[in-house]
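**Q** Shown below is the structure under consideration.
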Amino acid sequence: MGLKRNVGLVTGLRYQGRGPMLTFILHRIGGLGIVIFVATHMLSSFLGGPAGVFINTIYEHWAFQIFIFFCALFHAINGLRIVVLDLWPRLIEHQREAIWVEWAVFLPIYAIAVIVILSTALGG
Amino acid sequence: MAEKRRTIPLAKRGFDFETVMWIYTRLSALVMYLCAFIGLAGALIMGARTQMNLADVLRWTFMPNPNHVLNTNVPDLAPWATVFWKVMGSIFIVFATSHGLHGLLSIIEDYITRTWVRRTIRIIVLLLTLLMIGIGIYMILTA
């Protein structure tokens, strides 16, 4: 027996989930980004050779570093919020405030990291 | 009016694979936080303040292996290739891979509904998890 879901992709995209939905989507994208990055990074260093070197040059590019640091940092901070709210369910009523705190922690750290990455990559 | 009961005894509820993995995902996240903080402390002791850049600090934080931080100004990496850091790296690999690939499975299963496809993907993801843990620990032990 397969699952029955009566929601199409277009309806899904029109869902007005706002803050919590945004964190949900970014958590998924971040998680996928990390899994693909770690898997191919391990594979490239395992295989070595020209293919490994080619994959590593992509990973050392500043644009990719900005992307993967977004994935890792957002997934880590949002994941910590999920852990706290899930292990202490009573706190669920403060989840919107928790999301604001999360952005307040995420944005400065990410901004500093992006400045460091860009000034190292472009400023020399 | 009697209030509706919203909980059932744990014994009656049972623990199936998804429930166990739900709690495992949360706990493995905490374990990875711990590993990352130990790695970060290691990088600071190593000389992160003066001899490493941000990228190398992060590289050591997430995979404490001397081969991972070759381009630093740390004069001697040999003291850092110890059993302790190999064990830390292996623990990180095991938890990160199982956490990550179970996450991949949940994402895939949100969009795939046919039973036999779901079953096939479960087997593939399980094999991928074992393969990645195997490759990762092999890399750490031979580095």
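**Q** What three numbers, in Å, describe the spread of the alpha carbons of the protein assembly as shown along their principal axes, ordered from the longest?
**A** Over the protein assembly as shown, Cα extents along the principal axes are 74, 40, 39 Å.
**Q** Here's a follow-up. Report, as an integer, the average count of C-beta atoms from other chains found within 10 Å of each Cβ along A:78-86.
**A** Mean inter-chain Cβ contacts per residue within 10 Å come to 3.
**Q** Same structure, new question: I'd like the orientation of helix B:17-46 relative to chain B: the angle between its Cα long axis and the longest Cα principal axis, in ° from 0 to 90, rounded to 10.
**A** The helix B:17-46 is inclined about 10 degrees to chain B.
**Q** Would you be so kind as to identify which of B:Trp116, B:Leu30, B:Trp80 lies farthest towards the positive end of the dipole of chain B, taking Lys and Arg as +1 and Asp and Glu as -1 on Cβ and the Cα centre as origin?
**A** The residue sitting farthest along the positive end of the dipole is B:Trp116.
**Q** Compute, for the stretch B:67-143, the length of the dipole vector about the Cα centre, with Cβ point charges of +1 (Lys, Arg) and -1 (Asp, Glu) only. Units Debye, rounded to 20.
**A** Computed about the Cα centre, the dipole is about 360 debye.
**Q** By its C-alpha gyration tensor, with a ≥ b ≥ c as the square roots of the eigenvalues, how is chain A shaped: rounded for a/c under 1.5, else prolate for a/b larger than b/c, else oblate?
**A** Oblate is the answer for chain A, as a/c is 1.5 or above yet b/c matches or exceeds a/b.
**Q** Nearest 10 degrees, 0 to 90: what angle lies between the long axis of helix A:62-87 and the longest principal axis of chain A (Cα atoms)?
**A** Helix A:62-87 sits at roughly 30 degrees to that axis.
**Q** Report which residues of the stretch B:29-53 become buried by 50 Å² or more of accessible surface when going from the isolated chain to the complete set of protein chains (1.4 Å probe; DNA, RNA and ligands ignored).
**A** Residues shielded by partner chains are B:Tyr33.
**Q** Right, another one. For the pair B:Ala41 and B:Trp116, how long in nm is the line joining their label points, each one 7 Å along Cα→Cβ?
**A** Taking the simple label geometry, B:Ala41 and B:Trp116 are separated by 5.3 nm.
**Q** Right, another one. For a quick check of understanding: with a 1.4 angstrom probe and all protein chains in place, what accessible area in square angstrom does B:Met132 have, to the nearest ten?
**A** 20
**Q** How tilted is helix A:49-60 with respect to the longest principal axis of chain A? Cα atoms for both, answer in degrees (0 to 90, nearest 10).
**A** Compared with the principal axis, the helix lies near 60 degrees.
**Q** Putting +1 on Lys and Arg Cβ atoms and -1 on Asp and Glu Cβ atoms, find which of A:Met21, A:Gly79, A:Gln65 reaches farthest to the positive end of the dipole of chain A.
**A** Checked the options; the winner is A:Met21.
**Q** What relative contact order, as a whole-number percentage, does chain A give when Cα pairs under 8 Å and 6 or more residues apart are counted? Mind showing how you got there, number by number?
**A** Numbers: 63 pairs, mean separation 34.8, N = 124.
So the answer I get is 28 percent.
**Q** Also, I was wondering about something else. Determine the dipole magnitude for the protein assembly as shown: charges of +1 sit on the beta-carbon of Lys and Arg, -1 on that of Asp and Glu, nothing else is charged, the reference point is the Cα centre, and the result goes in debye to the nearest 20.
**A** The dipole of the protein assembly as shown has a size of about 1120 debye.
**Q** A further question follows. Show me, for the stretch B:94-100, the HN-Hα J-couplings you get by feeding each phi into the Karplus relation (A = 6.51, B = -1.76, C = 1.60, θ = phi - 60°), rounded to Hz, glycine and proline as x.
**A** 4, 6, 5, 5, 5, 4, x
**Q** Would you kindly compute the Cα radius of gyration of the stretch A:1-54 and its largest Cα-Cα separation (Dmax), both in Å?
**A** Both quantities, over Cα of the stretch A:1-54: 17.9, 48 Å.
**Q** So what is the relative contact order for chain B, in percent, with contacts set as C-alpha pairs under 8 Å and at least six apart? Show your work: numbers first, answer last.
**A** On the way: 93 pairs, mean separation 31.5, N = 143.
Here the relative contact order equals 22 percent.
**Q** What are the ³J(HN,Hα) values, in whole Hz, obtained from phi via the Karplus relation 6.51 cos²θ - 1.76 cosθ + 1.60 with θ = phi - 60°, for each residue of the stretch A:100-116 in sequence order, with x given for Gly and Pro?
**A** Result, ordered by residue: 5, 4, 4, 5, 5, 7, 5, 4, x, 4, 5, 4, 4, 5, 5, 4, 5 Hz.
**Q** Roughly how many debye, to the nearest 20, is the charge dipole of the stretch B:15-142 about its Cα centre, given +1 on each Lys and Arg Cβ, -1 on each Asp and Glu Cβ, and no other charges?
**A** It comes to approximately 140 debye.
The values are calculated or read from the model by the stated rules, or taken from the named source; none is laboratory data. This structure is a prediction, so every number in the text was calculated from the model and none was measured. Note that each Cβ is placed from the backbone with ideal geometry, even for glycine, and that neighbours are counted across all protein chains shown. Just so you know, the surface numbers come from the protein's heavy atoms only, side chains and all, with ligands and any DNA or RNA stripped out. Shrake-Rupley method; radii C 1.70, N 1.55, O 1.52, S 1.80 Å.
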